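Step one of this worksheet: look at the structure below.
The values are calculated or read from the model by the stated rules, or taken from the named source; none is laboratory data. Only a predicted model underlies this, so the values are computations on that prediction, with no experimental measurement involved. Glycine gets a Cβ as well: all are built from the backbone with ideal geometry, and neighbour counts include every protein chain shown.
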Amino acid sequence: MAIDYASKIPNNVDLAHDKQLQRALEQWQPKYLEWWRDVGPVESAGWDVYLRTAVSVDPKGWAHFDYVKMPDYRWGIFLAPPTQDRKIAFGRHKGEPVWNEVPGEYRSTLRRIIVTQGDTEPASVEQQRHLGATAPSLYDLRNLYQVNVEEGRHLWAMVYLLHAYFGRDGREEGEELLARRSGDEDKPRILGAFNERTPDWLAFFMFTFLTDRDGKYQLAALAESAFDPLARSTRFMLTEEAHHLFVGESGIGRILQRTVDVMKEHKVDAPDQVRAHGVIDLDTVQRYLNFHFSVTLDLYGSEVSSNAATFYTSSLKGRFEEEKIDDDHDLSSLDYPLLAVEGGKLTEQRLNALTTLNERLRDDYIADCQAGVDRWNRILDKAGLSQRLRLPHKAFNRKIGSFSKVRVSPAGELVSDEAWRAQESRWLPTDEDRAFVRSLMGPVREPGKFASFIAPPSRGIDNKPQDFAYVRFD
Ligand SMILES: [Fe+2]
Ligand SMILES: [Fe+2]
């Protein structure tokens, strides 16, 4: 499983022995670089960034750190090593050996799954392209770019599968993945949350905490797939994803730390007094959390979905940690609790466990988010504050699924349109909130210095000292 770095496209899939595939990917490579230059991180092409690159897919020590100019980053194709005699864990094909080719009957479904996942990767790079201009420190700037190059690599991972297993259709999809644009009216990215803007660093950290975590759950479900190349691709992507989640969680944690330090030092707690000291008040953090959480919940799709059932029964997409779940892995005779809107109330129903798989993955995701929010709240607790951050109710501000037809407060009460309009500015970020947050943004480019609204990290990347020049501009 050694990575071949001598060839044009680094890989551990023995690309050199499939000349046709190698040629096809080498033709896609310059188009990818053009996309990167066109809508990737602004102004950054000439900068030296202290990035990690995969040197092996071994869980220990896969990363190598060095200064790299981002267009020279060695994007490549890395699959986790195969599991010996791996058997399919769920669905109709449970117990059979995993597939190394795509069965004809699942071809179009599987292609759609891969394209939908693949589309999110370049989308987030596009959403984040202007953030480098306002980074709160060199440390944060470097982390942004690390996330960006790895999302670019995740696109490579999906395009490899499309090229290698889906012939001409797959190559066409590879072109389309470079043609759609986040937020574009005519050619938007496939999923809603990936067409939202990420205008400031509070939004960026919320995005990496919440929306990259959706990525974790989707990838984990695909890591169970009977189609082994997809399972192995996503397993390695998950190791990279862990860093993105760290960036989000620690980023918000550092913002909270700075805010509570200022609140204590100056004995203030009213939002405008807190803001006057150049830090972000907790109510604004809560509104950003409400927004990013609710748009990310929509990514899981409708509560009841025949597609989700088909993906599972066809053994294409499993549940989170499928193999650790103690049931029949067939689900056709099991049910699952589901919150629904009935007679103007939210009530719990039980429905078939197959058609509610989207909801189950969403619930697993919510539990993981809650654990992160609990860790943030420890920062508030330690500072002696009584205020806490809360995940809004799952029915709050939804655009997809049964809750899209009703108005629900963050606390989970059904409210009228009128009541919604009256309170919306307390629940979701206002233009004024966003303008205030924007007013605090950097750039801060002196090594070891941080913008007013964020505390330094407790330790550097690759154990570097706090004043390390993570990005060099000349
Ligand atoms: Fe990704
Ligand atoms: Fe990510």
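Give just the number: which of (1) modelled with pLDDT of 95 or more; (2) under 28 Å from Ile461 (Cα atoms) does Ala221 not satisfy? Every listed condition holds for Ala221 apart from (2). Looking at segment 398-419, which of its residues are in a strand (DSSP E or B) and out of contact with any Asp or Glu (no Cβ under 8 Å at 6 or more places or on another chain)? Correct list: Val408, Leu414, Val415.
Of the numbered criteria (1) among the aromatic types (Phe, Trp, Tyr); (2) over 21 Å from the mean Cα position of the chain (by Cα); (3) assigned to a loop (DSSP other than H, G, I, E, B), the one Tyr312 fails is (3).
Take Ala223 and tell me if it is more than 30 Å from Ser439 (Cβ to Cβ), crowded, with 19+ Cβ neighbours inside 10 Å and within 16 Å of ligand 2 (Cβ to nearest atom). Yes, satisfied. Residues that are more than 17 Å from the chain's Cα centre (by Cα), part of a helix (DSSP H, G or I) and in contact (Cβ under 8 Å) with a residue 12 or more places away in the chain within segment 178-209 comprise just one, Leu178.
Every residue, every condition in (1) loosely packed, with under 15 Cβ neighbours inside 10 Å; (2) assigned to a loop (DSSP other than H, G, I, E, B), yes or no:
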| position | (1), (2) |
| --- | --- |
| Trp75 | no, yes |
| Arg92 | yes, yes |
| Ile113 | no, no |
| Gln146 | no, no |
| Val159 | no, no |
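Every listed requirement among (1) buried (at least 20 other Cβ atoms within 10 Å of the Cβ); (2) away from ligand 1 (no atom under 13 Å from the Cβ) is met by Asn100 save one, (1). Residue count for segment 127-175, restricted to those that are over 29 Å from Phe65 (Cβ atoms) and either touching a residue at least 40 places away in the same chain (Cβ under 8 Å) or of a type in the set (A, V, I, L, M, F, W, C) (or both): 11. In segment 288-304, the qualifying residues are those that are of a type outside the set (Asp, Glu), surrounded by fewer than 21 Cβ atoms within 10 Å (Cβ to Cβ) and touching a helix residue (DSSP H, G or I) at 6+ places or on another chain (Cβ under 7 Å), and the one that is nearest to Asp433 (Cα to Cα) is Gly301.
Within segment 133-144, take every residue that is among the small types (Gly, Ala, Ser) and surrounded by 23 or more Cβ atoms within 10 Å (Cβ to Cβ) and give me the one that is nearest to ligand 2 (Cβ to nearest atom). Among those that are among the small types (Gly, Ala, Ser) and surrounded by 23 or more Cβ atoms within 10 Å (Cβ to Cβ), it is Ala135.
Okay, residues lined up against (1) within 14 Å of ligand 2 (Cβ to nearest atom); (2) modelled with pLDDT of 95 or more:
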{"position": "Lys187", "(1), (2)": "no, yes"}
{"position": "Arg197", "(1), (2)": "no, no"}
{"position": "Phe209", "(1), (2)": "yes, yes"}
{"position": "Asp214", "(1), (2)": "yes, yes"}
{"position": "Ser250", "(1), (2)": "no, yes"}
{"position": "Arg254", "(1), (2)": "no, yes"}
{"position": "Gln257", "(1), (2)": "no, yes"}
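In this structure, Arg258 does satisfy being under 22 Å from Leu138 (Cβ atoms) and either hydroxyl-bearing (Ser, Thr, Tyr) or over 22 Å from the mean Cα position of the chain (by Cα) (or both).
So that you can scan it fast, the table gives a plain yes or no per residue for (1) in a loop (DSSP other than H, G, I, E, B); (2) surrounded by 16 or more Cβ atoms within 10 Å (Cβ to Cβ):
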residue	(1), (2)
Gln370	no, no
Val373	no, yes
Leu380	no, yes
Arg390	yes, no
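For the residues Arg129, Arg142, the requirement of being closer than 19 Å to Leu155 by Cα and out of contact with any Leu (no Cβ under 7 Å at 6 or more places or on another chain) singles out Arg129. For segment 334-351, taking the residues that are under 19 Å from Ser409 (Cβ atoms) and either out of contact with any strand residue (DSSP E or B) (no Cβ under 7 Å at 6 or more places or on another chain) or touching a residue at least 40 places away in the same chain (Cβ under 8 Å) (or both), the one that is surrounded by the fewest Cβ atoms within 10 Å (Cβ to Cβ) is identified as Gly343.
Those helices (runs of 4 or more DSSP H) of segment 210-277 in which 2 or more residues are in contact with a Lys or Arg (Cβ under 9 Å, 6 or more places away or on another chain) and either farther than 30 Å from Ser386 by Cβ or within 16 Å of ligand 1 (Cβ to nearest atom) (or both) occupy 212-222, 228-266. Comparison of Asn358, Asn307 shows that the only residue that is polar (S, T, N, Q), in contact with an Asp or Glu (Cβ under 7 Å, 6 or more places away or on another chain) and assigned to a helix (DSSP H, G or I) is Asn358. Pairing residues of segment 59-71 that are over 18 Å from Glu241 (Cβ atoms) and without any contact (Cβ under 8 Å) to a residue 40 or more places away in the chain with residues that are surrounded by 11 or more Cβ atoms within 10 Å (Cβ to Cβ) and not aliphatic (A, V, I, L, M), at Cβ distances under 6 Å and at least 6 apart in sequence or on separate chains, gives His64/Thr53. In this structure, Ile113 does satisfy being within 16 Å of ligand 1 (Cβ to nearest atom), touching a Lys or Arg at 6+ places or on another chain (Cβ under 8 Å) and closer than 27 Å to Asp328 by Cβ.
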